[in-house]
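Peer 1: Here it is, the structure, as structure tokens.
The values are calculated or read from the model by the stated rules, or taken from the named source; none is laboratory data. Small disclaimer: the values here were computed from a predicted structure and weren't measured. Here the Cβ positions follow ideal geometry from the backbone for every residue, glycine too, while neighbour counts run over all protein chains shown.
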Amino acid sequence: MIEGKKKIFPVHYAPGKKLFHIIVTLSDAPGSYSSILDLVRKKVNLIGTSTYTRNDGTAIFSGFSEALAPTLTPKELEKLIMSSKAAISAQVSEGKDGILVDTFHTGFVVGDEEYILMRRDGLVHVFDRVSKMLGSGGDALLFEEGVAMGMRNAEMMIKNVGAQRVRDQTMVLNRFLAAQGWGILEARGGPGKDGFTVKVVDCFECSTNGSSRKGCNFMRGYLAGGAKATFGREFDATEAKCRLRGADACEFQLRPS
Amino acid sequence: MRLRSILLAVLPQTTLIFLRGMVPVLLFTLPIASFALVAESTGDFESMASQLNRKGLKAQAPAAIVGKSGVKHEFAFALTPDSGKTKVVVDTELSVGEVDEMKVLKFYVKVFDVGPEKAVLCVCPRLGERAATLAKEYGITVLENDVPRKLIPMAEKVVNEFASG
């Protein structure tokens, strides 16, 4: 399988199409999800779906869909879904003028932590503006913010899974950043004298070209902060290669101070 | 290096002239004048650094200092003894009108990263009210004068007092 970007659907635009957002609360039991899918697939083309369990024995099915027949109404769809024994409640919202927005969810949760979603290049442009306004001081500021966030995120991870597991499974946990779109981290080395070399493919910080910045100071700080919280010692972080300086990927060196 | 800076300062305004005809002549002349003032100040900071070096102090003008973050910052002048801990940094902000708080902030973040014992901002002609409040809050020593050249001896005095004290 080729790794790629996950598609999620807080919004969808399909001019001329009759769009529905289907939300179903269902019993968290084997077969519930498939019974809902069996019902709705006769009436709609599902564009994107997600399911997740809740702590009260129920689960949520959320699906963006296009009606197969132009006469289909949200009420008809709700009635159809509620004919399933697995369905506890159903809510179908219709898009307007080809625009369908998720009006059910109010953010994202990973574990117990709330997340927000923003455009990748939106954040990169914030970094660009900080660097442009404050010059080299702006780059230092981005580094400091990276350190602070790297430390905090590592501390949260340590709290959740334990310090030793974070140390032992650094390579595995790096995939967590990749899954969030930060970039694909490939780390070599260890916390000893020679430290780590971390290659970041598709690093978000330099994903938009045209920046006046010459390096990824936030990511450099993030890695230094994360290493500090994980291994309990200071690391000096340098960026040997960066896409902003013509390389194919970023490469950071982390050496114990 | 200086020639490159001149070219960079002049080129955008030259383009404006081609694009818009006569009107931007003022825009063209102001940066040139400002640049001349900056160049003059830089030159004087170099003399100041030479004098201080003769006295056995380790001064640089301009100075490139790597901060705690690993980012390299440039200052008009810096006093960095052999011990490596920067004692004093000096920067200049020259403007046609009052210098705004963004310039103070820009200086402060560099200072924060380098962590000198004293930070001096030479301003021509003067800081705006909010900028002055910010500079005071950040503990920045501000020297103001309508004549850029006069800022050099003022800065020299402050640096000498600090170095001897």
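Peer 1: Which of the residues spanning the range B:113-144 are free of Cβ contacts under 8 Å to residues at least 24 places away in the same chain and under 19 Å from B:Val88 (Cβ atoms)?
Peer 2: Correct list: B:Lys136, B:Gly139, B:Thr141, B:Val142, B:Leu143, B:Glu144.
Peer 1: Taking the options A:Ser89, A:Ser93, A:Ser84, A:Ser131, name whichever one is touching an Asp or Glu at 6+ places or on another chain (Cβ under 6 Å) and hydroxyl-bearing (Ser, Thr, Tyr).
Peer 2: Values: A:Ser89 fails: touching an Asp or Glu at 6+ places or on another chain (Cβ under 6 Å); A:Ser93 fails: touching an Asp or Glu at 6+ places or on another chain (Cβ under 6 Å); A:Ser84 fails: touching an Asp or Glu at 6+ places or on another chain (Cβ under 6 Å).
Residue meeting the stated conditions: A:Ser131.
Peer 1: Where residues in the range B:87-103 are in contact with a Gly (Cβ under 9 Å, 6 or more places away or on another chain) and within 14 Å of chain A (Cβ to nearest Cβ), which of them is surrounded by the fewest Cβ atoms within 10 Å (Cβ to Cβ)? Give the steps one after another, and end with the answer.
Peer 2: Taking the range B:87-103 first, the residues in contact with a Gly (Cβ under 9 Å, 6 or more places away or on another chain) are B:97-101.
Adding the requirement that they be within 14 Å of chain A (Cβ to nearest Cβ) leaves B:100-101.
Numbers: B:Asp100: 15, B:Glu101: 17.
Applying the filter and picking the extreme gives B:Asp100.
Peer 1: Considering the range A:120-139 alone, what residues qualify as being away from chain B (no Cβ under 14 Å) and in contact (Cβ under 8 Å) with a residue 60 or more places away in the chain?
Peer 2: Here is the first cut: in the range A:120-139, the ones away from chain B (no Cβ under 14 Å) are A:120-126, A:128.
Selection gives A:Arg120, A:Asp121, A:Leu123, A:Val124, A:His125, A:Asp128.
Peer 1: Could you please let me know if A:Val40 is surrounded by 14 or more Cβ atoms within 10 Å (Cβ to Cβ), of a type outside the set (S, T, N, Q) and assigned by TED's automatic domain parsing to the domain that holds A:Met219?
Peer 2: Details: surrounded by 14 or more Cβ atoms within 10 Å (Cβ to Cβ): yes; of a type outside the set (S, T, N, Q): yes; assigned by TED's automatic domain parsing to the domain that holds A:Met219: no.
Judged against the criteria, A:Val40 is not a match.
Peer 1: Here's a follow-up. Could you please give the count of residues in the range B:75-86 that are away from chain A (no Cβ under 14 Å), out of contact with any helix residue (DSSP H, G or I) (no Cβ under 7 Å at 6 or more places or on another chain) and crowded, with 21+ Cβ neighbours inside 10 Å?
Peer 2: 0
Peer 1: Here's a check for you: in the range A:68-97, which residue that is in a loop (DSSP other than H, G, I, E, B) and surrounded by fewer than 16 Cβ atoms within 10 Å (Cβ to Cβ) is farthest from the chain's Cα centre (by Cα)? Walk me through how you get there before you give the answer.
Peer 2: In the first step, residues of the range A:68-97 are kept if they are in a loop (DSSP other than H, G, I, E, B); the result is A:68-73, A:83-86, A:95, A:97.
Keeping just the survivors that are surrounded by fewer than 16 Cβ atoms within 10 Å (Cβ to Cβ) gives A:68-71, A:73, A:83, A:85, A:97.
On the way: A:Leu68: 31, A:Ala69: 34, A:Pro70: 34, A:Thr71: 36, A:Thr73: 33, A:Ser83: 35, A:Lys85: 33, A:Asp97: 29 Å.
The qualifying residue farthest from the chain's Cα centre (by Cα) is A:Thr71.
Peer 1: Right, something else. Only one of (1) closer than 30 Å to A:Val161 by Cα; (2) free of Cβ contacts under 8 Å to residues at least 40 places away in the same chain; (3) in contact with a Phe, Trp or Tyr (Cβ under 9 Å, 6 or more places away or on another chain) fails for A:Val44. Which number is that?
Peer 2: (1)
Peer 1: Do you know which of the residues in the range B:58-74 that are under 13 Å from the mean Cα position of the chain (by Cα) and within 10 Å of chain A (Cβ to nearest Cβ) is nearest to A:Gly146 (Cα to Cα)?
Peer 2: Applying the filter and picking the extreme gives B:His73.
Peer 1: Considering A:Ser65, A:Ser136, which residue is surrounded by 15 or more Cβ atoms within 10 Å (Cβ to Cβ) and part of a strand (DSSP E or B)? Please lay out each step first, then the result.
Peer 2: Details: A:Ser136 fails: part of a strand (DSSP E or B).
It is A:Ser65.
Peer 1: Among the listed residues B:Tyr108, B:Tyr138, which satisfies the condition of being surrounded by fewer than 21 Cβ atoms within 10 Å (Cβ to Cβ), at negative phi and in contact with a Phe, Trp or Tyr (Cβ under 7 Å, 6 or more places away or on another chain)? Steps first, answer last, please.
Peer 2: Numbers: B:Tyr108 fails: surrounded by fewer than 21 Cβ atoms within 10 Å (Cβ to Cβ).
Unique residue meeting the criteria: B:Tyr138.
Peer 1: I'd like the residue in the range A:18-37 that is without any contact (Cβ under 8 Å) to a residue 60 or more places away in the chain and over 23 Å from A:Lys7 (Cβ atoms) and, out of all such residues, is surrounded by the most Cβ atoms within 10 Å (Cβ to Cβ).
Peer 2: Within the range A:18-37, the first condition is being without any contact (Cβ under 8 Å) to a residue 60 or more places away in the chain, and the residues that meet it are A:28-37.
Subsequent filtering for residues that are over 23 Å from A:Lys7 (Cβ atoms) retains A:28-32, A:35.
Values: A:Asp28: 18, A:Ala29: 13, A:Pro30: 7, A:Gly31: 12, A:Ser32: 21, A:Ser35: 17.
Ranking the candidates gives A:Ser32 first.
Peer 1: Return only the number of the condition from (1) in contact with a helix residue (DSSP H, G or I) (Cβ under 8 Å, 6 or more places away or on another chain); (2) modelled with pLDDT of 95 or more; (3) among the β-branched types (Val, Ile, Thr) that A:Val101 does not satisfy.
Peer 2: (1)
Peer 1: Quick check on my filter: what residues within the range B:75-100 are more than 24 Å from B:Gly128 (Cβ to Cβ) and in a strand (DSSP E or B)?
Peer 2: Step one: list which residues in the range B:75-100 are more than 24 Å from B:Gly128 (Cβ to Cβ), which gives B:78-88.
Scanning the range B:75-100 gives B:Ala78, B:Leu79, B:Val88.
Peer 1: Being without any contact (Cβ under 8 Å) to a residue 40 or more places away in the chain and within 14 Å of chain B (Cβ to nearest Cβ) is the filter here, so list the residues in the range A:140-170 that pass it.
Peer 2: Listed by number, the list holds a single entry, A:Leu141.
Peer 1: Residues in the range A:172-194 that are surrounded by fewer than 20 Cβ atoms within 10 Å (Cβ to Cβ) and either in contact with a His (Cβ under 9 Å, 6 or more places away or on another chain) or at positive phi (or both): how many?
Peer 2: Going through the range A:172-194 one residue at a time, the tally reaches 2.
Peer 1: Test of understanding: among A:Leu100, A:Leu117, which residue is in contact (Cβ under 8 Å) with a residue 40 or more places away in the chain, over 29 Å from B:Asp113 (Cβ atoms) and in a strand (DSSP E or B)? Talk me through it step by step, then tell me what you get.
Peer 2: Numbers: A:Leu117 fails: in a strand (DSSP E or B).
Result of the check over A:Leu100, A:Leu117: A:Leu100.
Peer 1: Let me ask another. Looking at A:Leu173 and the list (1) over 19 Å from A:Ser131 (Cβ atoms); (2) touching a strand residue (DSSP E or B) at 6+ places or on another chain (Cβ under 9 Å); (3) not basic (Lys, Arg), which single condition is not satisfied?
Peer 2: (2)
Peer 1: Being modelled with pLDDT under 95 and either within 22 Å of the chain's Cα centre (by Cα) or assigned to a strand (DSSP E or B) (or both) is the filter here; which residues of the range A:28-46 pass it?
Peer 2: Of everything in the range A:28-46, nothing turns out to be modelled with pLDDT under 95 and either within 22 Å of the chain's Cα centre (by Cα) or assigned to a strand (DSSP E or B) (or both).
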